[in-house]
Amino acid sequence: MANRLIVFSPKFLLLCRRFFLRPLHSAVPSDLSAIITTTTTSSSSSSSSSAVADSSILDLDDVKGLFSSVSTSKLVRSAVNLHAAGIEPMVDVGLWVMNSRLMNTGMLRGLMLGATKHTFYEQFCAGHDPEGAGRTAVKLWESGLRGMLVYALEHATGNGSCDRNLDGFLRTVESAKSLPTSSVSFVIVKITAICPLGLLQRVSDLLRWEYNNQSFRLPWKLNTLPIFSNSSPFYHTPRKPDPLTPEEESDLYLGHQRLLELCQKCLEANVPLAIDAEDTSIQPAIDYFTYSAALMHNKDDNPIIFGTIQAYLKDAKERLLLATKAAERLGVPVGFKLVRGAYLSSERQLASSLGVESPIHNTVDQTHACFNDCASFMLDKVANGSGAVVLATHNIESGKKAAVKARDLGIGNGNQRLQFAQLYGMADALSFGLRNAGFQVSKYMPFGPVELVMPYLLRRAEENRGLLSTTTLDRQLLRKELKRRLKAAVL
């Protein structure tokens with residue numbers, strides 16, 4: 001895309017001068033969360049040659065090259081929104097307002113949703129409906145990125161809402177078919193949107209009990225890959241659960257049928273489906289749904305169904321190894337989206353309330369090490385043609401390590417089995433840096449009506465309080481590029 005000379009009015013220059021010309025911090029803070037960090041992990045074994053290799057493959061210093069496809073107006077909006085979102089009390093205020101009776105007041109509700117729509121919603125959401133999200137995906141595609149379409153639905157309460165949610169996901173897949181080839185990398189679904197939450201809890205309890213009691217049988221259970229390891233948390237199920245009732249078995253069947261219908265739609269559209277991970281109380285049932293569907297639909301070295309591994313869990317690497325080993329024995333290709341995890345606070349709070357050990361790694365560095373180990377393991381699988389992986393990370397160091405190893409393994413830049421991903425509206429510097437290095441990069445794009453999406457985003461923000469405050473590097477680089485453009489305009 002050709003660069004354009006932007007001419008600013010004197011009034012605009014005065015308004016922006018204070019914000020964009022303030023000095024950049026000399027270093028990135030080191031107290032970053034387990035989910036996202038821009039801190040370089042120190043290692044006594046690191047060599048200067050590997051540091052040179054890292055910097056040569058992922059250049060984040062060339063802000064002109066990074067943001068060449070982004071308009072100045074969008075850079076300004078992103079800088080302002082990320083600055084505001086990094087102020088943690090704003091999350092508290094937003095949560096309080098959204099959950100208060102004030103939202104029942106028509107005028108205030110309209111004002112709040114209107115203000116939100118033109119700030120955070122436009123920053124972090126891709127559109128109002130599948131068509132709007134598709135248009136955003138095309139814009140990303142024109143800038144060298146791809147879109148992961150996420151209809152922001154979760155926690156269905158009954159079969160009626162599950163059926164309505166399924167219709168929304170099917171519309172999403174249908175809209176992706178009309179977009180340029182390769183502009184959409186995935187459609188994303190949460191199982192809690194198409195199967196009632198209470199039933200997923202019941203199924204998870206029964207799966208845990210079966211794992212620890214070999215004589216226990218589940219007559220409704222389909223073929224699946226290993227769901228647990230010996231180090232998995234089992235404290236959610238302290239006593240033998242009752243069998244599913246006939247009504248529950250019927251609802252479970254309906255949940256499976258919804259997922260299989262969505263899988264078939266994705267298969268016909270040639271758009272992979274990634275199933276999001278959620279909290280450990282229901283993750284066994286989610287993995288059960290995911291793996292049973294993968295065994296049915298992943299054929300001919302083409303994994304169309306991807307599961308998600310959360311690297312902040314202590315059992316993550318072991319479960320990944322067990323699942324991939326079992327799939328290889330069966331000759332089934334598998335794909336995984338690798339993330340750090342988004343339920344840090346609630347997982348630790350629940351474990352603490354029960355007086356048991358948290359399933360989350362004890363330190364940030366352990367989480368980073370687990371993510372990097374899992375990424376390295378999956379890159380080896382990609383290199384030998386037996387797996388596919390999406391490395392969903394905002395961590396600069398993890399991105400560099402994976403990019404260097406992919407290059408060393410000879411994984412071609414056009415290899416669709418390796419993709420990187422970041423959230424829409426965040427970590428754009430890393431996304432564009434990986435794009436410039438020649439890798440496939442996607443943005444995780446939630447969409448939906450503002451009144452539907454905002455509670456979804458606020459729940460994510462509440463769980464992930466460190467997430468938005470760790471956009472320091474993003475804000476630095478945005479200001480640096482805006483300062484460069486401002487100087488160019490003045491001169």
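The values are calculated or read from the model by the stated rules, or taken from the named source; none is laboratory data. Values in this document were obtained by computation on a predicted structure and should not be read as measured data. Cβ: placed from backbone, ideal geometry, glycine included. Neighbour counts: every protein chain shown.
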Index of the failed condition, GLY341 passing every other in (1) more than 18 Å from the chain's Cα centre (by Cα); (2) on the phi > 0 side of the Ramachandran plot: (1)
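Can you name every residue in the range 349-382 that is assigned to a loop (DSSP other than H, G, I, E, B), buried (at least 16 other Cβ atoms within 10 Å of the Cβ) and either among the small types (Gly, Ala, Ser) or at pLDDT below 95 (or both)? Steps first, please.
Quick first cut of the range 349-382, residues assigned to a loop (DSSP other than H, G, I, E, B) only: 355-359, 361-363.
Checking which are buried (at least 16 other Cβ atoms within 10 Å of the Cβ) leaves us with 358-359, 361.
The answer is SER358, and nothing else.
Run down ALA437, ALA421, ALA402, ALA388 and say which single residue is in contact with a Pro (Cβ under 6 Å, 6 or more places away or on another chain) and among the small types (Gly, Ala, Ser).
Values: ALA437 fails: in contact with a Pro (Cβ under 6 Å, 6 or more places away or on another chain); ALA421 fails: in contact with a Pro (Cβ under 6 Å, 6 or more places away or on another chain); ALA402 fails: in contact with a Pro (Cβ under 6 Å, 6 or more places away or on another chain).
The match here is ALA388.
Take ILE305 and tell me if it is under 14 Å from PHE336 (Cβ atoms) and in contact (Cβ under 8 Å) with a residue 60 or more places away in the chain. Reasoning before the result, please.
Numbers: under 14 Å from PHE336 (Cβ atoms): yes; in contact (Cβ under 8 Å) with a residue 60 or more places away in the chain: no.
When the stated conditions are applied, ILE305 does not pass them.
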Breaking point among (1) part of a helix (DSSP H, G or I); (2) at pLDDT 95 or above, for LEU338: (1)
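Within the range 383-399, restricting attention to residues that are small (Gly, Ala, Ser) and part of a helix (DSSP H, G or I), which residue is surrounded by the fewest Cβ atoms within 10 Å (Cβ to Cβ)?
Filtering the range 383-399 for residues small (Gly, Ala, Ser) gives 383, 385-388, 392, 398-399.
Next, from what is left, pick out any that are part of a helix (DSSP H, G or I): 383, 398-399.
Working: ALA383: 18, SER398: 23, GLY399: 27.
Per the stated criteria, the residue is ALA383.
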Out of SER346, SER250, sole residue that is polar (S, T, N, Q) and at pLDDT below 95: SER346
Tally, over the range 122-156, of residues that are β-branched (Val, Ile, Thr), more than 14 Å from the chain's Cα centre (by Cα) and surrounded by 18 or more Cβ atoms within 10 Å (Cβ to Cβ): 1
Given (1) out of contact with any Ser or Thr (no Cβ under 9 Å at 6 or more places or on another chain); (2) of a type outside the set (Gly, Ala, Ser); (3) modelled with pLDDT under 90, number of the condition LEU418 does not satisfy: (3)
Residue within the range 400-416 that is under 16 Å from ILE57 (Cβ atoms), in contact with a Gly (Cβ under 8 Å, 6 or more places away or on another chain), not in a loop (DSSP other than H, G, I, E, B) and not β-branched (Val, Ile, Thr) present: no
Test set (1) surrounded by fewer than 22 Cβ atoms within 10 Å (Cβ to Cβ); (2) of a type outside the set (Lys, Arg); (3) more than 30 Å from VAL356 (Cβ to Cβ) - ASN213 fails condition number: (3)
Unique residue being under 25 Å from SER73 (Cα atoms), surrounded by 17 or more Cβ atoms within 10 Å (Cβ to Cβ) and modelled with pLDDT of 90 or more when the list is ARG484, ARG479: ARG479
Given (1) within 28 Å of THR367 (Cβ to Cβ); (2) in contact with a strand residue (DSSP E or B) (Cβ under 9 Å, 6 or more places away or on another chain); (3) among the small types (Gly, Ala, Ser), index of the condition ALA269 fails: (1)
Odd one out for SER183, checked against (1) under 26 Å from ALA427 (Cβ atoms); (2) hydroxyl-bearing (Ser, Thr, Tyr); (3) in contact (Cβ under 8 Å) with a residue 60 or more places away in the chain: (3)
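If you go through the range 286-310 one residue at a time, how many are assigned to a loop (DSSP other than H, G, I, E, B) and in contact with a His (Cβ under 8 Å, 6 or more places away or on another chain)? Before the answer, list the steps.
Filtering the range 286-310 down to residues assigned to a loop (DSSP other than H, G, I, E, B) leaves 298, 300-301, 303-304.
Those still in the list that are in contact with a His (Cβ under 8 Å, 6 or more places away or on another chain) too: 304.
Final tally of qualifying residues: 1.
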Restricting the range 277-301 to residues that are among the charged types (D, E, K, R) and buried (at least 21 other Cβ atoms within 10 Å of the Cβ), the residue that is nearest to the chain's Cα centre (by Cα): GLU278
The range 394-433: number of residues that are touching a Leu at 6+ places or on another chain (Cβ under 7 Å) and of a type in the set (Ser, Thr, Tyr): 1
Of the criteria (1) closer than 16 Å to GLU451 by Cα; (2) at pLDDT 75 or above, which one ARG109 fails: (2)
Options LYS337, LYS314: the member that is of a type outside the set (Gly, Ala, Ser), buried (at least 23 other Cβ atoms within 10 Å of the Cβ) and within 30 Å of GLU397 (Cβ to Cβ): LYS337
The range 180-206 - residue that is at pLDDT 95 or above and part of a loop (DSSP other than H, G, I, E, B) and, of those, nearest to LEU418 (Cα to Cα): SER183
Condition check for SER204: out of contact with any Lys or Arg (no Cβ under 8 Å at 6 or more places or on another chain) and either among the aliphatic types (A, V, I, L, M) or buried (at least 22 other Cβ atoms within 10 Å of the Cβ) (or both): yes
